[in-house]
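Report on the following structure.
Computed from the coordinates by the stated procedures, all read-outs in this text should not be read as laboratory data. The shown structure was predicted, so the numbers you read here are calculated from the model rather than taken from an experiment. Glycine gets a Cβ as well: all are built from the backbone with ideal geometry, and neighbour counts include every protein chain shown.
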Amino acid sequence: MFKLPNIFAVTLLGAALVAGSAQAEGSKYNFGAPASAEEIAGWDIDIRPDGMGLPVGSGNAMDGEAEYEVQCAACHGVFGEGEGRWPVLVGGEGTLADERPVKTVGSYWPYASTLFDYIRRAMPFTAPMSLSDQQVYDITAYVLYMNEIIEEDFELSNENLAGVKMPNEANFFVDDRPDVKNPRCMADCADPSTMMLASSLAGVTPIGHFVEGADAPAASHEGQHDLEAQKEAERKADITGEEVAASHGAEPAALSAQAQAGEAVYKGACFVCHDSGLAGAPKTGDAAAWADRVGQGMDLLVSHALEGYSGSTGVMPPKGGRMDLSDKAVTDAVHFMVESSH
């Protein structure tokens with residue numbers, strides 16, 4: 001006589017197979033294993049405004065100056081004035097209500113703990129979390145000193161950092177306004193095709209490269225670029241106390257079209273390492289540092305730039321860590337560095 005299968009037995013068998021599969025996956029990926037104290041410590045590094053989370057230690061601006069010049073100045077400038085489009089750290093007081101506010105550690109940031117936390121977890125840009133707690137305390141103290149928030153000989157520590165009052169702290173508050181939804185326009189709505197971009201982020205982001213003359217009274221795109229460069233020079237001079245060099249609009253010296261195309265990529269992506277020699281990178285303009293490399297041929301140089309390099313002379317990740325760049329952009333940047341180093 002034909003018998004129906006034992007449904008209960010089949011169910012148990014199926015459950016056992018699923019459990020066995022899950023156990024195998026758990027073993028493979030370590031799912032379900034409790035995190036060790038060491039693993040938790042690796043993630044639990046945030047610093048609260050009240051100082052909770054700060055490692056035991058201390059530092060001062062006098063020791064921090066040397067550390068800052070080695071670790072930070074290539075991007076942020078010797079005086080915190082910023083290089084290129086890298087963030088400005090000093091100045092900007094009284095500008096937050098301006099069309100173009102200068103948001104720096106001194107003019108904008110609400111807590112000193114934020115500065116310590118950010119340096120510790122994200123700096124330097126090319127090697128985040130490589131600084132010791134001592135280095136972070138020293139650099140934090142030096143940046144606060146440059147912003148005239150603490151004195152040069154002030155010993156910043158885990159015991160007093162939370163007590164450092166930032167100039168803009170009072171302007172940060174909890175937004176207790178209720179969440180609301182705007183009603184959808186159902187009649188006499190504006191025609192999107194007639195709308196024109198008038199500003200970007202309330203004037204914070206320059207838009208002269210989008211529309212000729214849109215961001216200032218320059219008559220052309222080229223004139224707009226020169227005007228922005230002049231403004232940048234004046235801003236830096238205000239911080240450093242140096243004279244503003246007159247702009248003569250000189251053309252770059254004898255660079256090929258490919259090298260000229262790579263200049264912007266260099267300034268935006270390669271400058272940090274190749275201007276300072278960080279991680280063994282040959283400095284742009286140092287003919288001796290480039291001689292042997294150029295002698296091996298441009299093909300090999302470009303290959304190292306695209307695919308990465310690790311050797312006795314230094315380390316470079318593929319595309320310098322900027323995988324968003326095209327192969328052509330990186331190649332152009334290599335030609336710019338080589339031709340600028342003859």
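Distance between the pseudo-spin-label points of Ala35 and Asp188 (7 Å out from Cα toward the beta carbon): 5.6 nm.
Taking other C-beta atoms within 10 Å as the exposure proxy, Tyr145, Tyr309 rank Tyr309, Tyr145 from fewest upward. Listed from fewest to most Cβ neighbours within 10 Å, the set Trp86, Trp43 follows the order Trp43, Trp86. Residue exposure proxy: Cys270, Cys75, ordered by other Cβ atoms within 10 angstrom of their Cβ from fewest to most, comes out as Cys75, Cys270.
You can think of it this way: the chain between Val180 and Arg100 has 25.9 nm of extra reach, that is 0.36 nm per residue less the Cα-Cα gap. Placing dummy labels 7 Å off each Cα toward the beta-carbon, the span from Phe172 to Lys231 is 2.7 nm. Charged neighbours of Met123, selected by a Cβ distance under 12 Å, balance to 0 (K, R count +1; D, E count -1). Checking the a/c ratio against 1.5 first, then a/b against b/c, what shape does the Cα gyration tensor give for the range 257-339? Rounded is the answer for the range 257-339, as its axis ratio a/c remains below 1.5.
For the range 58-171, the convex hull drawn through the C-alpha positions has a volume of 92 cubic angstrom per residue. Extending 7 Å from Cα along the Cβ direction at Asn160 and again at Glu307 yields two label points whose distance is 5.5 nm.
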